[in-house]
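Worksheet: one structure, shown below.
The values are calculated or read from the model by the stated rules, or taken from the named source; none is laboratory data. Every value quoted in this text rests on a predicted model; they were computed, and no experiment measured them. Methodologically, a virtual Cβ is constructed for each residue, glycine included, from the backbone with ideal geometry; neighbour enumeration extends over all protein chains shown. Side chains included, ligands, DNA and RNA excluded: accessible areas come from the protein's heavy atoms. Shrake-Rupley method; radii C 1.70, N 1.55, O 1.52, S 1.80 Å.
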Amino acid sequence: MELLLKNANIVTDKDTYMSDIYIKDGVIVNIDKELNIPNIKTVDIGGKYLVPGGIDVHTHFDIDVGIARSADNFYTGTLAAACGGTTTIVDHMGFGPKGCNLHHQLNLYYDLAKDSVIDYSFHGVIQHIDEDILKEIDEMIKDGIPSFKGYMTYGYKLSDMEMLKLSEKLGKSGGLLTVHPENNDMVEFLRAKLASEGKLAPIYHAKSRPDKCEGEAVNRMIDLTAQTNCPLYIVHLSSNEALEHIKRAKDRGQEVYSETCPQYLVLDEEKYREEDGVKYICSPPIREKSNQEKLWEGIQQGYIQTIATDHCSFNYKMKKEMGATDFRKCPNGLPGVETRMPIIFSEGVSKGRISVNKFVELTSTNPAKLFGMYPKKGSIQIGADADLVVIDPNLIKKITVDDLHENVDYTSFEGIEVKGYPVMTISRGEIIVENNKFTGEKGRGKFIKREAFKF
């Protein structure tokens, strides 16, 4: 369990420098130039970038959404993640039976995740609020689950009163509230209106969940959590409308954090007008192109702290059969856990939108800090887990489903050419991917007991 990496161009969120790294028993033991340790496995990085392993804090593996079950389970999903340069995921657990307690889903997901090939954790999912649930939150935090998700739409949506009670509890207990922000009444009103007019093609999925639907919900949650002094984390931010509310809140000092996803940075709603437009149905929907540069500006200015994926894969064949003629019947979600790191490196670093240090901050360090894993994860320093990825900044590849490992029959990013690609993934000191070939073992991933919120 020893490994020596030579001639690495090490990149952290703050620094870039050439050095060697000595790893023992899965942990970084020494970082120095010209390290020479005989009789251990030695890999010459050749001056390529060595970054902390990617951390995707928004996946949905093996999720049952009622009308369908996702294509990727924890084995196929984490294997694909590893091949794309991600060494840790935090999965948003799906809903359980009506009235169930918080540990019901946690115990279920412990079992679902046993085949993971990289390290993992979960976000708690809140389906209802009562005194028992509020008391159980402290137990969940002790169990290493300090972040909880509340939905403002779908079947188990929380009312404003429930959000107030939940956020007050989390603010006092050291938890982080993550929210899916969409105005449910606006969605239901528009879906019914469009259906009555016979407008059921995929493009009307986007029209049924407009920017203001997200913006209003984000603004409402900002106001609610300001009242309860609870840190707020907005998932899958997709529009400038919502971003502007976050900017104002952060500028006045409120603890509001946000993530966006590659689909909102590189795709636009014209995809829904294509023959296979049903492929792109996700919520919130892909937006008009004008939002893309605004989101990049939000990233550059520090208003968006992380880039995750919301990976929730359903086969195109299934989506087409279920929803091609009625967008309301299509399961929501896109694959993307494998393509996140190369797309953000290419669109961000290679195209000059962000520095390579900012890339590390967005894809690894900030996720680790926000979700209670830093500095064991998300850093390159002595004592940290040796979760490392080698990126060849000059490698040019065209993304195609045939090269990917996600257990789904399409990629939303088919045909996009990227410059910069992961060529080696190291998880706790073990090389598990080399040149797009997975060499690790099923079930080698470990559950991460995360710490209470601090950032």
Worksheet entry | Options Val337, Val401, Val349: the member that is more than 22 Å from Asp115 (Cβ to Cβ), at pLDDT 95 or above and surrounded by 19 or more Cβ atoms within 10 Å (Cβ to Cβ) | Val349
Item to complete: Name the single residue, out of those in the stretch 266-283 being surrounded by fewer than 22 Cβ atoms within 10 Å (Cβ to Cβ) and among the aliphatic types (A, V, I, L, M), that is nearest to Pro202 (Cα to Cα).
Response: Leu267
Worksheet item: Looking at Ile299, Ile286, Ile344, which is the one that is β-branched (Val, Ile, Thr), within 22 Å of Val390 (Cβ to Cβ) and open to solvent by less than 10 Å² (accessible area, probe 1.4 Å)?
Response: Ile344
Worksheet entry | Those residues of the stretch 270-311 which are under 19 Å from Asn332 (Cα atoms), of a type in the set (Ser, Thr, Tyr) and not in a loop (DSSP other than H, G, I, E, B), in sequence order | Tyr272, Tyr280
Worksheet item: In the stretch 181-207, how many residues are of a type in the set (Gly, Ala, Ser) and surrounded by 19 or more Cβ atoms within 10 Å (Cβ to Cβ)?
Response: 1
Worksheet entry | Scope the stretch 238-266; condition in contact with a Gly (Cβ under 8 Å, 6 or more places away or on another chain), touching a residue at least 60 places away in the same chain (Cβ under 8 Å) and not in a helix (DSSP H, G or I); matching residues | Cys261
Worksheet item: Are any residues in the stretch 214-235 surrounded by fewer than 21 Cβ atoms within 10 Å (Cβ to Cβ) and in a loop (DSSP other than H, G, I, E, B), and if so, which ones?
Response: Asn229
Worksheet item: What is the residue count in the stretch 352-373 for residues that are among the hydrophobic types (A, V, I, L, M, F, W, C), assigned to a loop (DSSP other than H, G, I, E, B) and either open to solvent by less than 10 Å² (accessible area, probe 1.4 Å) or touching a Lys or Arg at 6+ places or on another chain (Cβ under 7 Å) (or both)?
Response: 2
Worksheet entry | All positions within the stretch 312-343 that are over 14 Å from the mean Cα position of the chain (by Cα), assigned to a loop (DSSP other than H, G, I, E, B) and charged (D, E, K, R) | Asp326
Practice prompt. Name the strands (runs of 3 or more DSSP E) wholly inside the stretch 1-67 in which the number of residues that are under 23 Å from Ala81 (Cβ atoms) and open to solvent by less than 50 Å² (accessible area, probe 1.4 Å) is 2 or more.
Written response: 2-11, 16-24, 27-32, 49-52, 54-59
Worksheet item: Out of the stretch 380-398, which residues are in contact (Cβ under 8 Å) with a residue 60 or more places away in the chain and either of a type in the set (Val, Ile, Thr) or open to solvent by 40 Å² or more (accessible area, probe 1.4 Å) (or both)?
Response: Ile380, Gln381, Ile382, Val389, Val390, Ile391
Practice prompt. Would you be able to tell me the number of residues in the stretch 432-455 that are farther than 27 Å from Glu347 by Cβ and assigned to a strand (DSSP E or B)?
Written response: 1
Worksheet item: Scanning for something among the acidic types (Asp, Glu) and over 30 Å from Lys114 (Cα atoms), does the stretch 46-67 turn up at least one residue?
Response: no
Worksheet item: Among helices (runs of 4 or more DSSP H) lying entirely in the stretch 86-181, which contain 1 or more residues that are aromatic (Phe, Trp, Tyr) and within 28 Å of Ser70 (Cα to Cα)?
Response: 102-112
Worksheet item: Looking at (1) more than 21 Å from Leu404 (Cβ to Cβ); (2) open to solvent by 20 Å² or more (accessible area, probe 1.4 Å); (3) touching a strand residue (DSSP E or B) at 6+ places or on another chain (Cβ under 7 Å), which is the only condition Thr306 fails?
Response: (2)
Worksheet item: Before we move on, is Glu162 on the phi < 0 side of the Ramachandran plot, surrounded by fewer than 16 Cβ atoms within 10 Å (Cβ to Cβ) and of a type in the set (D, E, K, R)?
Response: no
